[in-house]
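Values in this text are rule-based calculations from the coordinates and carry no lab data. Treat the numbers as computed from the prediction; the structure is a model and nothing was measured. Neighbour counts run over all protein chains shown; Cβ positions are idealised from the backbone, glycine included.
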Ligand code: C2E
Ligand code: CA
Ligand code: CA
């Protein structure tokens, strides 16, 4: 890492500086303070001796200079064997009077000399001069210098080796933490982008392909919610292990957050290779996971974006491409992979346009509610109608609800839209007693508070008895926040409305949900019915669902009944209620009313149903 190198260099220089300071600073300081000390001593000595001499001069101003014995006695340094100074006294003419000791010691450099005037009552009478040798000080300084040089070297070594290693390992740890995901130890987004930039630069040089995979686990949240976060974490680790088995040494697997992973694969020569890897990952992740005794089944959706060596794709762009492709995989049923295509950008723009159009259509009341009859197989009469919203776009024509309902969800329109459908449906159904009216609820409604209050309000305002309203929900609402959702469902049920499980059999864990809530009705998904005639497996499943719903005392409805044969088989299987084009397509309120009013229409429905009994 760049900055770690800088820190290491800084530590090296600091170590060197400290070592130099110790090696040279210590003797320099020793010398400096030693000199100060000697200087101070000499100053004290000279002051004392000058005082003594001045007294002597004061006693004999005319001839003091002849009393050299007394002077010598006065300025003699007593009792100190290692005294290395010499004192000299001069008269006012500058002639030397006395020198103590008489024999000049070896006064070569270095020396320190101080001179002070002698006075006879204020009149200069001569000088005293004291010279000290600095040799002992210098000698000691050299010893100190040698010691501190050794110390300095040791310091340098210690500072360089020990903390550098500590620093290096601390730095390595910090940069590891900052660039890796703590749970899986995989590179995080920051490192991923860094590697991606390198890979892209490398591919430009090497003229090879770089593939970026964006992975999103399917149903991960479900595991997290049902088995708890600890198991969710364990699952993420297991997923990491499995994906790693599909990769080569130089591929990068990163965790970008939550259940999102990404892969960089370099050195590809054709996009086919990317499909191979994607398929392998989908296959290894679709096998059940064993999590401390619990089994979890998830899946993965993948988006792939490729960059060729010759174009200047930047990392953001390619990752965005992979995300768009991933989005495509998710909306086309999960558990698959898509390559990024340029059109995806256009699709995204088209969705934005659709969002604006939908908002406008809703505000301008361009939406409509249509009704499809639900027919009781044994009584051969319409028992209920399902409200289905319709949007006729001025340019695009009829837009399918499966296209615009998710869009409404994304732009926060699902609530007002549902309330509007609910109000219309309840209002219209008032005149259709005793028929029930079924209204579809999107999963997202259960994520925000106020759903129960809204339903209660609409019932009150329209005056529809609650037991004539049936709310259709899909299994997905139970995937997230199951507890909360179940409590909302219970409160709805307490209002007196009925709850139906729609599209049964298509979800992740259909059966387990039936145990958790007493649904009033189960609607078998039309996909089973469309295969019903020719597929024995589908028949077996439908029979099983019917048997089970009987046992659970839930009513059953088969959706998408289009042929007499289907109806017949369903009746034989014990199905009570059907819904489908055979009995009527979704139709406007007026058409619905006409159908209900006219006995002929009811007969027509019967007529369709009559052959079923034969
Ligand atoms: P769904 O709740 O499963 O609605 C039944 C769908 O099956 C309707 O599609 C209906 O037209 C279609 N269908 C009915 N009988 C047959 C048949 O015999 N054969 C075939 N092939 N299809 C049949 P539609 O009206 O296009 O609605 C699609 C989905 O949009 C609905 O599926 C429902 O999930 C959603 N949706 C419709 N209206 C609303 C609404 O007001 N709110 C919410 N949240 N979702 C709605
Ligand atoms: Ca429905
Ligand atoms: Ca359905």
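Relative contact order of segment 18-122, please, whole-number percent, based on alpha carbon pairs below 8 angstrom and at least 6 residues apart.
Taking the mean separation of contacting Cα pairs over the length of segment 18-122, I get 31 percent.
In this rough spin-label picture, where each label sits 7 Å from Cα along the Cβ direction, the residue 48-residue 140 distance is 1.8 nm. Full extension of the chain segment joining residue 111 with residue 393 gains 90.6 nm, where the gain is 0.36 nm per residue of separation less the Cα-Cα distance. Averaging the Cα positions of each part gives two centres, and for segment 441-459 and segment 109-144 these lie 104 Å apart.
Shape class for the chain, computed from the alpha carbon gyration tensor (a ≥ b ≥ c): prolate, with a/c not under 1.5 and a/b above b/c.
Taking the DSSP beta bridges with both ends in the chain, the antiparallel portion is around 75 percent. Once the Cα atoms of helix 229-246 and of the chain are each reduced to a long axis, what angle between those two axes, in degrees from 0 to 90 to the nearest 10, is obtained? For 229-246 against the chain, the angle is about 90 degrees.
As an exercise, use a Förster radius of 45 Å and the Cβ-Cβ distance of residue 366 and residue 183 to find the FRET efficiency, rounded to the nearest 0.05. Result of the calculation: an efficiency of 0.40. A straight chain from residue 83 to residue 244 at 0.36 nm per residue would run longer than the Cα-Cα distance by 49.5 nm.
Looking at the calculated P(r) for segment 214-358, what percent of the C-alpha pair distances fall above 22 Å?
42 percent
Using alpha carbons only, the radius of gyration of segment 487-601 set against its Kirkwood radius gives Rg/Rh = 1.01. The angle between the Cα long axis of helix 401-410 and the longest principal axis of the Cα atoms of the chain comes to about 30 degrees, rounded to the nearest 10. Helix-only arithmetic for the chain: the sum of -39500 (n - 2.57) across DSSP H runs with n ≥ 4, divided by the residue total, places the mean residue ellipticity at 222 nm at -17000 deg cm²/dmol. Specify whether the C-alpha gyration tensor of segment 357-419 places it in the rounded, prolate or oblate class, a ≥ b ≥ c being the square roots of the eigenvalues: rounded for a/c under 1.5, otherwise prolate if a/b is larger than b/c and oblate if not. The shape class here is prolate.
Dividing the mean sequence gap of close Cα pairs (under 8 Å, 6+ apart) by how many residues the chain holds gives a relative contact order of 9 percent. In percent, rounded to a whole number, the relative contact order of segment 242-289 is 38, using alpha-carbon pairs under 8 Å and six or more apart.
The length gained on full extension between residue 69 and residue 403, counted as 0.36 nm times the residue separation minus their Cα-Cα distance, comes to 107.6 nm. Indicate the gyration tensor shape class of segment 362-607 (rounded, prolate or oblate), computed on the Cα atoms with a ≥ b ≥ c the square roots of the eigenvalues: a/c under 1.5 is rounded; otherwise a/b larger than b/c is prolate and the rest oblate. It is rounded, given that a/c, with a ≥ b ≥ c, falls under 1.5. The spacing between segment 57-73 and segment 524-580, judged by their C-alpha centroids, is 142 Å. Relative to the longest principal axis of the Cα atoms of the chain, the long axis of helix 189-206 lies at roughly 90 degrees. On the principal axes of its alpha-carbon atoms, segment 170-227 has extents of 49, 35, 11 Å, going from largest to smallest.
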